[in-house]
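These notes are about the structure you will find just below.
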Amino acid sequence: MADTEDAPANQPPGYVPPRVWTWDSPSGGQFANINRPVSGATHEKALPVGTHPLQLYSMGTPNGVKVTILLEDLLALGHSGAEYDAWLIEIGEGDQFASGFVEINPNSRIPALLDRSTDPPTRLFESGSILFYLAEKFGAFLPTEHYKRAETMNWLMWQMGSAPFVGGGFGHFFTYAPFKMEYPISRYAMETKRQLHVLDTHLAKNQFMVGDDYTIADMAIWPWYGGLMRDAYGAQEFLSVQDYPNLRRWTAQLWSRPAVQRGRMVNRTSGTPDTQLRERHDAGDFESNRQDMVEARGRVRV
Ligand SMILES: N[C@@H](CCC(=O)N[C@@H](CS)C(=O)NCC(=O)O)C(=O)O
């Protein structure tokens, strides 16, 4: 706990945590307007429902992309039951706090999925849970052999537990915080580089996360760590990503998969318009409803 002698070293200078924290004002930085210390809906609004058994409510962030990669890979394998409607949940606009969304995810975070092929419909939230559910449902990308199945779950859970230090830690303080602070940036850069090294070391001896099998573990890890290797946070030089050649090889290998490229476009709202498919209702949308096409038609989907 700081006292007044330490005041210049604190941020803001003189800041001393009160005995009880209260939600007086937004903390600043990107996302300040959507962060709240309570859960639950802020407004009444039902979710849209399309024609397919699987209804995805998401956004093209790393956690959202995990699921759309799996769905596109399932469809590429010929699992027509994996056809899905992907609805855009704009988290910057607070869509995740609408009553309909909160009903299927009380945690108000994307991605969320409703499987309407079951009676009653099955709600899914937490990207790792969604990947596991779909892989089991379709019997794909989750090995049945004992050791490989355990290893897939090891890496899936590793991703779910580790990435918050990258996104909520490193990415937040390096990119989104209202000003730069050495302590959290160094702390989370250290942890992020440790995780990159874990992956690089493992991938030196394995083609994919589970040997020669491409699994939901790769799909979970790629959007976060492949993202760090490619373009996330503009931090490639800062994190010296060239020091992880095996991870770079694996990142490129996954990116060469058409299903990965399609999955990355779904519900995406950043990047150039030709890389965004804000809503997806069938495979033809990739050819007719990319954002560059929708904008050229005066924001009309066909
Ligand atoms: N552990 C969750 C994390 C989901 C998550 O944090 N989603 C972010 C986008 S990547 C979100 O919805 N943020 C909205 C908010 O912070 O209000 C998962 O893997 O599904």
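With respect to Thr68, is the statement that it is at negative phi, at pLDDT 95 or above, of a type in the set (S, T, N, Q) and touching a helix residue (DSSP H, G or I) at 6+ places or on another chain (Cβ under 9 Å) true? Considered against the rule, which asks whether it is at negative phi, at pLDDT 95 or above, of a type in the set (S, T, N, Q) and touching a helix residue (DSSP H, G or I) at 6+ places or on another chain (Cβ under 9 Å), Thr68 comes out as yes. Residues that are not small (Gly, Ala, Ser) and not in a helix (DSSP H, G or I) were ranked within region 165-186; the one that is nearest to the ligand (Cβ to nearest atom) is Pro178. Modelled with pLDDT of 95 or more and surrounded by fewer than 16 Cβ atoms within 10 Å (Cβ to Cβ): does that describe Ser58? Here the answer is no, as Ser58 does not meet what is asked.
Return yes or no: is Ile34 assigned to a helix (DSSP H, G or I), aliphatic (A, V, I, L, M) and under 30 Å from Phe174 (Cα atoms)?
In short, no.
Hey, could you check region 51-66 for residues that are in a loop (DSSP other than H, G, I, E, B) and near the ligand (Cβ under 9 Å from one of its atoms) and say which is farthest from the chain's Cα centre (by Cα)? Applying the filter and picking the extreme gives Met59.
Let's see how each residue does on (1) closer than 25 Å to Pro143 by Cβ; (2) in contact with an Asp or Glu (Cβ under 8 Å, 6 or more places away or on another chain); (3) of a type in the set (A, V, I, L, M, F, W, C):
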| residue | (1), (2), (3) |
| --- | --- |
| Glu191 | no, no, no |
| Thr201 | yes, no, no |
| Ala204 | yes, no, yes |
| Gln207 | yes, no, no |
| Gly226 | yes, no, no |
| Met229 | no, no, yes |
| Tyr233 | no, no, no |
| Gln236 | no, no, no |
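With touching a Pro at 6+ places or on another chain (Cβ under 6 Å) and either among the aromatic types (Phe, Trp, Tyr) or not in a helix (DSSP H, G or I) (or both) as the only criterion, which of Trp250, Trp224 stands out? Exactly one residue qualifies, and that residue is Trp224. Within region 173-189, how many residues turn out to be surrounded by 15 or more Cβ atoms within 10 Å (Cβ to Cβ) and farther than 15 Å from Gln30 by Cα? The qualifying residues number 5. If I filter region 149-164 for residues that are farther than 26 Å from Phe132 by Cα, in a helix (DSSP H, G or I), within 16 Å of the ligand (Cβ to nearest atom) and touching a residue at least 24 places away in the same chain (Cβ under 8 Å), do I get at least one hit? So far as region 149-164 goes, no, none of its residues is farther than 26 Å from Phe132 by Cα, in a helix (DSSP H, G or I), within 16 Å of the ligand (Cβ to nearest atom) and touching a residue at least 24 places away in the same chain (Cβ under 8 Å). Taking into account only those residues within region 282-302 that are among the small types (Gly, Ala, Ser) and surrounded by 11 or more Cβ atoms within 10 Å (Cβ to Cβ), which is farthest from the chain's Cα centre (by Cα)? This residue is Ala296. For region 110-122, filtering for residues that are within 14 Å of Tyr57 (Cα to Cα) and either assigned to a loop (DSSP other than H, G, I, E, B) or away from the ligand (no atom under 13 Å from the Cβ) (or both) leaves 6. Within region 68-76, can one find any residue that is among the small types (Gly, Ala, Ser), more than 9 Å from the ligand (Cβ to nearest atom) and either more than 28 Å from Thr251 (Cβ to Cβ) or without any contact (Cβ under 8 Å) to a residue 40 or more places away in the chain (or both)? No, region 68-76 has no match at all.
Of the residues making up region 67-104, those that are assigned to a loop (DSSP other than H, G, I, E, B), surrounded by fewer than 23 Cβ atoms within 10 Å (Cβ to Cβ) and not charged (D, E, K, R) are Leu77, Gly78, His79, Gly94. Restricting attention to region 231-248, the residues being of a type outside the set (S, T, N, Q) and either within 25 Å of Ala150 (Cβ to Cβ) or at pLDDT below 95 (or both) number 2. Failed condition for Ala46, given (1) touching a residue at least 60 places away in the same chain (Cβ under 8 Å); (2) closer than 16 Å to Arg123 by Cβ; (3) among the hydrophobic types (A, V, I, L, M, F, W, C), with all others met? Of the numbered conditions (1) touching a residue at least 60 places away in the same chain (Cβ under 8 Å); (2) closer than 16 Å to Arg123 by Cβ; (3) among the hydrophobic types (A, V, I, L, M, F, W, C), the odd one out for Ala46 is (1).
The values are calculated or read from the model by the stated rules, or taken from the named source; none is laboratory data. Quick caveat, the model's predicted, so the values are computed rather than measured. As a convention, Cβ positions derive from the backbone with ideal geometry for all residues, glycine included, and neighbour counts pool all protein chains shown.
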